[in-house]
Structure formats: structure tokens, C-alpha cells
1. Every residue in segment B:213-262 that is closer than 22 Å to A:VAL210 by Cβ, modelled with pLDDT under 95 and touching a helix residue (DSSP H, G or I) at 6+ places or on another chain (Cβ under 8 Å), please.
2. Can you find a residue that is more than 18 Å from B:GLY179 (Cβ to Cβ) and within 16 Å of ligand 1 (Cβ to nearest atom) anywhere in segment B:109-129?
3. Report those strands (runs of 3 or more DSSP E) wholly inside segment A:120-211 carrying at least 1 residues which are polar (S, T, N, Q) and in contact (Cβ under 8 Å) with a residue 24 or more places away in the chain.
4. Looking only at segment B:102-119, which residues are more than 13 Å from every other protein chain (Cβ to nearest Cβ) and part of a helix (DSSP H, G or I)?
5. Looking at the structure I just gave you, is B:ASP122 near ligand 2 (Cβ under 10 Å from one of its atoms), surrounded by fewer than 23 Cβ atoms within 10 Å (Cβ to Cβ) and either assigned to a loop (DSSP other than H, G, I, E, B) or in contact (Cβ under 8 Å) with a residue 60 or more places away in the chain (or both)?
6. Could you check segment B:153-263 for strands (runs of 3 or more DSSP E) lying wholly inside it with 3 or more residues that are within 12 Å of chain A (Cβ to nearest Cβ)?
7. I'm told A:ALA236 meets every condition in (1) surrounded by 23 or more Cβ atoms within 10 Å (Cβ to Cβ); (2) touching a helix residue (DSSP H, G or I) at 6+ places or on another chain (Cβ under 6 Å); (3) farther than 23 Å from A:THR119 by Cβ except one. Can you identify the failing condition by its number?
8. Residue check, B:ALA74 against (1) within 16 Å of ligand 1 (Cβ to nearest atom); (2) touching a Pro at 6+ places or on another chain (Cβ under 9 Å); (3) farther than 23 Å from A:GLY140 by Cβ, all met but one. Which one?
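The values are calculated or read from the model by the stated rules, or taken from the named source; none is laboratory data. No experiment lies behind these values; they were computed from the predicted model shown. Backbone-built Cβ (ideal geometry, glycine too); neighbour counts: all protein chains shown.
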Amino acid sequence: MAQGVCVITEFREGAFRRVSFEIASEGRRLADELGEPLLALALGESIDALAADLGNYGVEKVYVVDDPNLKNYRAETYVPVAAEVLNNLDPKVILTPASVDGKDFSARLAARLGAGLATDCTELKVEGGSLKAKRPMYAGKAFAWYEWADGAWPQMASCRPNVMDCLAPDTSKKAEVEGAGVEVVAGTQTQVVNIEKDAGGKLDLTEAEVIVSGGRGMKGPENFAMLEELAKLLGAAVGASRSAVDSGWRPHSDQVGQTGKVVTPNLYIACGISGAIQHLAGMSSSKYIVAVNKDPEAPIFSKADYGVVEDLFQFMPALIEEVKTLKSTC
Amino acid sequence: MNIVVLLKQVPDTETKIRIGAGGKSIDTSDIKWIISPYDEYAVEAALRLQDSAGAKVTILSMGPERVVESIRTALAMGADHGVLVDDPASEGSDGLGKAKVLAAALGSMDFDLIFCGHRAVDDDENQVGIMVAELMSLPHLGLAVSIEVADGKVTIQRPIEGAKVTLEGTLPALVTFGGAHAIWNPRYASLPGIMKAKKKPLETKTLADLGLSAADVGAQGAKVKVTSMELPAERQAGRKLEGDTGEKAKELVRLLHEEAKVI
Ligand SMILES: Cc1cc2nc3c(=O)[nH]c(=O)nc-3n(C[C@H](O)[C@H](O)[C@H](O)COP(=O)(O)OP(=O)(O)OC[C@H]3O[C@@H](n4cnc5c(N)ncnc54)[C@H](O)[C@@H]3O)c2cc1C
Ligand SMILES: Nc1ncnc2c1ncn2[C@@H]1O[C@H](COP(=O)(O)O)[C@@H](O)[C@H]1O
């Protein structure tokens with residue numbers, strides 16, 4: 001009989017990634033509603049000593065697989081180990097991170113377990129003892145609610161980072177930690193040849209709380225220095241429209257939209273971006289949107305909480321000065 | 001070298017999405033159908049290997065008859081051969097169901113590499129290709145923004161949060177494509193290409209041809225299904241700020257700090 005909610009954490013370079021705490025917090029809420037225990041599966045290298053801290057977010061028991069072969073994520077090493085533990089645990093619900101590696105891991109694990117998977121969920125709830133999951137489709141132009149067929153355990157959902165509320169950590173609570181007792185066999189099908197860090201530990205767009213984005217109106221790559229400066233002041237990431245990427249002004253990883261990153265920051269500042277439907281699809285779920293555009297008819301204004309009809313080359317320097325003033329007084 | 005590209009037909013990205021009658025899927029009247037953009041990148045990547053190494057490129061798709069047009073487009077771009085699994089019993093498949101159908105079709109094909117999009121831009125499920133890899137015990141190299149094939153190995157670069165990973169895999173392997181239009185810039189079908197495509201082989205298969213039954217896949221076999229759809233709350237246009245440049249900048253900072261509390 002399937003039992004419990006199990007969250008699978010993501011661990012990189014000696015630390016849990018934040019999304020692990022988000023899904024633990026979400027798992028806690030669901031476990032309470034289901035009247036089930038909250039378990040976690042933690043895979044990684046040198047993860048043992050940190051595993052008990054998952055208790056800060058409501059995890060009761062953590063199954064740990066700590067092995068040097070788990071240093072970098074590789075599906076063929078991670079997935080068989082996780083599947084073996086989960087087949088033994090037989091949880092009702094499995095939550096995973098819908099991070100880049102997490103998406104790969106989740107789909108392979110679901111196929112191996114024969115489980116139904118809802119990817120990149122933004123909202124979860126319990127109804128009649130069963131999970132319901134809401135997830136965006138068409139890059140956020142629509143949402144769908146998913147349900148699992150009767151008896152189709154485990155119900156598996158990967159969760160979009162930065163969307164689900166994270167509990168304030170209660171450091172007095174520790175989780176019970178147990179070795180999962182499975183053997184790790186290093187896969188031979190793939191090798192990580194190299195990992196090159198982005199300059200300055202760049203904040204990823206999908207995990208940024210503030211994004212400053214530029215489009216064709218920026219006129220050239222050199223002018224993005226302005227956006228970089230503002231981003232630095234705000235602790236933000238810099239994004240771009242496809243036009244800016246296609247023009248070679250910005251790296252492809254900066255593209256926001258239906259064929260780029262779909263983002264949900266607290267604040268999205270669109271600078272010299274017209275607001276084509278494919279761009280809007282990728283950023284319309286941002287909490288607040290600011291548009292700076294010299295054309296009062298630009299479609300981006302129909303989505304913007306605060307619209308600024310101005311030449312960006314006049315306005316952005318003024319905005320940067322105001323932000324500096326704000327930062328110096330608080 | 002043989003490459004099979006998994007291709008899904010999706011609504012044009014220009015489409016304004018409306019919910020259809022029944023509330024569980026979108027209204028597909030008046031939709032223009034296109035090759036999912038990331039699958040188009042996969043086709044382009046395969047054709048580059050056709051150009052450079054003489055790879056033979058097969059397009060594999062599952063879907064209704066209208067998909068023939070998208071397969072013909074890929075053939076016109078330069079692919080050699082098309083296969084469409086067209087069976088009403090496969091409708092309503094979940095991601096795993098779709099992967100089972102595609103894996104069954106791939107089972108009787110010769111390939112060194114399977115290429116596909118990392119996600120289809122309709123349901124954005126991000127799972128079908130990866131599940132095919134798992135079902136067929138193949139390595140998966142995901143989100144490729146570059147690809148090299150040599151000495152029985154495939155090497156890609158994949159961006160992850162804050163870093164770029166170089167990953168190498170043994171053949172046969174499945175590669176999903178990410179990146180942007182600027183990298184893969186899919187070629188257009190030329191007029192001679194379009195003429196030639198009409199004569200290229202395009203087979204149609206049913207579930208029975210693949211040794212599958214309706215109970216394995218389709219709505220019957222689905223472990224997870226959509227029960228309702230909704231549109232996001234229509235965003236209301238907010239206010240346009242007034243005043244000269246300096247006043248607007250001041251006011252914007254005040255609003256973001258005091259009202260929205262986001263800076
Ligand atoms: C299959 C497909 C997928 C696509 N996917 C994406 C995607 O993922 N993301 C994406 O962004 N696009 C995507 N697009 C492209 C999209 O349709 C638009 O072409 C693109 O978003 C336009 O970028 P833009 O707003 O920067 O440029 P433009 O539309 O050219 O707009 C530039 C804006 O800058 C303003 N401007 C100019 N000068 C100034 C100034 N000095 N001060 C202030 N404002 C100024 C102009 O008024 C204008 O509104 C896709 C298209 C297709 C066909
Ligand atoms: N019906 C289909 N026919 C062929 N390929 C598909 C189909 N559905 C999904 N795929 C492939 O799997 C990828 C991921 O799809 P998805 O999991 O739906 O986001 C797509 O980009 C396609 O390459």
C-alpha cells in the first residue's frame with residue numbers, strides 16, 4: 001500500500017539548491033492534508049552531514065545516498081538508485097524540482113517507475129486523498145489541471161522553482177537521517193567532460209526575483225551595460241527578447257519567451273521590447289511588470305503595471321540615478 | 001550515420017489560445033499548425049550532419065493526418081524519409097504513452113542518434129523524448145546548444161543554471177535540443193526541395209503495426225490526464241506615469257519600493 005509523500009532534493013557543490021526547500025515546504029503542506037508522513041530522498045556527494053537540516057522545512061525522515069559518483073548529475077547513475085529506493089518506499093506522491101537537471105531526472109525516473117508525471121507544476125492540491133496539479137501550457141498562455149488515474153501510484157509532480165512558498169526554516173527541527181542502503185553504480189553511457197561557470201556566478205533567469213530585459217530598442221550590445229548596471233543595483237538578472245538574441249547582442253540563454261525561458265520574477269522590467277505574443281507568453285506571470293518604450297501603442301503596455309513612455313536612452317540613466325539614491329538611503 | 005528526428009506538430013506560436021468545448025483542451029478551429037520550434041532545431045542539427053557527414057535523416061511523428069504536412073516540410077528542408085504513427089486509439093496518451101508509441105516505432109528502425117526538441121511548445125511537458133531514452137536504455141544528452149559526432153561518441157554543450165556543461169555520450173544516443181533560433185537557425189525549404197519532398201517516402205503506421213494495443217497507450221492507458229483548463233487572469237494595463245523624465249523615474253522608484261515592494 002503506497003504511503004507517504006517523498007520529495008527528492010537537488011544538491012550541487014556542497015549545498016542543497018533552494019528549490020529543494022521549496023518542494024519540502026510544499027510537501028509538508030500536502031503531507032498534512034493527506035495525513036501522511038513527509039520523507040525525502042537526498043542524493044549527492046558529501047550530503048550526509050547536511051541532510052538533517054531538511055527537518056527545518058518539515059521533513060520527518062531523509063533517506064541519503066552519499067557517494068562520490070553522485071558528484072555531478074548524470075541520469076544513468078542517479079535514476080537507477082532513486083528508482084530502487086522509491087520502489088522500496090512506495091510513496092503515494094513524489095515531488096521533484098523542475099530545474100534543468102531535475103526535469104531530465106524526473107522524466108527518466110517516471111518512465112522507470114511507470115508513473116504519471118506532471119512537469120513544471122506551479123500549484124498543487126489534495127482532493128479526495130489524491131493529488132491535483134496545475135501547470136502552465138503554451139508557455140503560460142493557458143493552465144491545465146492534471147489528475148492521476150485511479151490507483152496510479154506514485155503520483156509524480158515536478159515543481160517549478162521560485163513559485164512555491166518556502167517555509168521559514170525552523171532550525172530547532174531536525175530530520176531523522178538514514179542511509180538508503182543501495183549501491184551506486186557509476187554509469188558509463190555519458191561523461192561530464194567539463195563544467196564552465198558563467199562569469200560572475202550569473203543569476204539564472206528562471207530563479208531570479210528581478211529581471212531587467214532589453215529588446216531591439218536597445219540598438220546594440222554595448223547599450224546593455226545600462227541594464228547590467230541597473231541589474232547589479234537591484235540584484236537582478238538580465239534578459240532579452242529574441243530580436244536582441246538573434247542580433248547577436250545577447251547570449252541565447254538570456255532569451256525570454258515561448259521559445260526561450262519562461263520566467264516568473266517579482267519584477268520584470270522590459271526595456272525597448274514591443275511585447276510580441278511569444279515574448280509576453282514567457283513573462284506575463286511576473287508579479288509586477290514595468291515597460292519602458294517610446295511608442296505609446298506598444299502592446300507591452302497592455303500587460304504593464306507601470307508604463308513609461310520615454311526614450312530609454314534618456315530614461316534608463318535617470319532611473320539608475322533614482323535607484324542609487326534609494327539604495328543609499330535605506 | 002542514421003538519425004531519427006522526433007517531430008511534433010503544434011499550434012503556431014502566434015496563436016491566441018482559447019479553451020475548447022468540454023474545457024479539457026484548446027479550441028483548435030482556425031489554428032495554423034507548425035513544426036514545434038525546438039523540433040525544427042533538431043531537424044536543422046540533423047541536416048547539418050547530413051551536409052557534413054552524409055547522415056541519413058528520418059522524421060518520426062505521432063499524430064493525426066494533418067501532421068503529414070509538417071513531415072513534408074521537414075522532407076522539403078532535406079530529410080530523407082518520413083514515418084507517421086496515425087491511430088485514433090493513441091489519442092489522449094500521457095507523456096509515457098507517447099514515449100511508448102515512439103519507442104515501439106523506433107524499435108524497428110536503424111539509428112545511431114535520435115534527435116528531438118527538449119519540449120514541445122504546446123503542452124510544454126518536457127518529458128516525451130527523455131522517456132523514450134529511458135524506455136530504450138539510451139543515454140540522453142539534453143538541451144544541446146552544440147553537437148559534435150566522432151569516433152562512436154556524441155558531445156554536446158548544455159546550459160544549466162549558472163554554468164555550461166560539456167557532456168559526452170556513447171552511440172546510440174538520444175539528444176534533445178534547446179538553445180535559440182540564433183544558434184540553430186533552421187533552413188527554409190527551397191522550391192526544388194519542396195518538389196523533391198513530394199516523391200520522398202512517407203509511411204503511415206497504426207498501433208497494431210507496432211504491436212501495441214489501445215489499452216497500453218491512449219486515454220485508456222494514461223496514468224495522468226488533463227481534467228480542466230483555464231486561461232490566466234487577463235492582466236490589466238496599469239497606469240502610465242506622468243511628468244518629465246526625472247519625475248517619471250522618481251515616481252517609478254517610489255511605486256516599486258512603496259506600493260509594489262519589489263525593490
Ligand atoms: C516561432 C517563433 C518563436 C518566437 N519566440 C520568441 C521568444 O521566445 N521570445 C521573444 O522575445 N520573441 C520570440 N519571437 C519573436 C517575436 O515574434 C518578436 O519578433 C520579438 O519578440 C520582438 O522583439 P523586440 O520586442 O525586441 O523587437 P521589436 O518588436 O522590434 O520592438 C522594439 C521596441 O523597441 C521600442 N524602441 C525602439 N527604440 C526605442 C528607444 N530609443 N526607447 C524606447 N523604446 C524604443 C520600439 O518602440 C519597439 O516597441 C518568436 C517568433 C517566432 C516566429
Ligand atoms: N506526438 C509526437 N510525435 C513525435 N514526437 C513527439 C511527440 N510528442 C512529443 N514528441 C517529442 O518529444 C519532445 C518533447 O515533447 P513534450 O514532452 O511533449 O514537451 C518534442 O519536442 C518532440 O521531439
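1. Passing the criteria: B:PRO232, B:ARG235, B:ALA237.
2. Looking for residues that are more than 18 Å from B:GLY179 (Cβ to Cβ) and within 16 Å of ligand 1 (Cβ to nearest atom), one finds at least one in segment B:109-129, hence yes.
3. Numbers: elements: A:123-127, A:130-137, A:142-148, A:155-159, A:176-179, A:190-197.
Qualifying strands (runs of 3 or more DSSP E): A:130-137, A:155-159, A:190-197.
4. Across segment B:102-119, the qualifying residues are B:ALA104, B:ALA105, B:LEU106, B:GLY107.
5. Details: near ligand 2 (Cβ under 10 Å from one of its atoms): yes; surrounded by fewer than 23 Cβ atoms within 10 Å (Cβ to Cβ): yes; either assigned to a loop (DSSP other than H, G, I, E, B) or in contact (Cβ under 8 Å) with a residue 60 or more places away in the chain (or both): yes.
When the stated conditions are applied, B:ASP122 passes them.
6. Working: elements: B:153-160, B:163-170, B:173-177, B:202-205, B:224-230.
Answer list for segment B:153-263: B:153-160, B:163-170, B:173-177, B:224-230.
7. Failed condition: (2).
8. In the conditions (1) within 16 Å of ligand 1 (Cβ to nearest atom); (2) touching a Pro at 6+ places or on another chain (Cβ under 9 Å); (3) farther than 23 Å from A:GLY140 by Cβ, B:ALA74 misses (2) alone.
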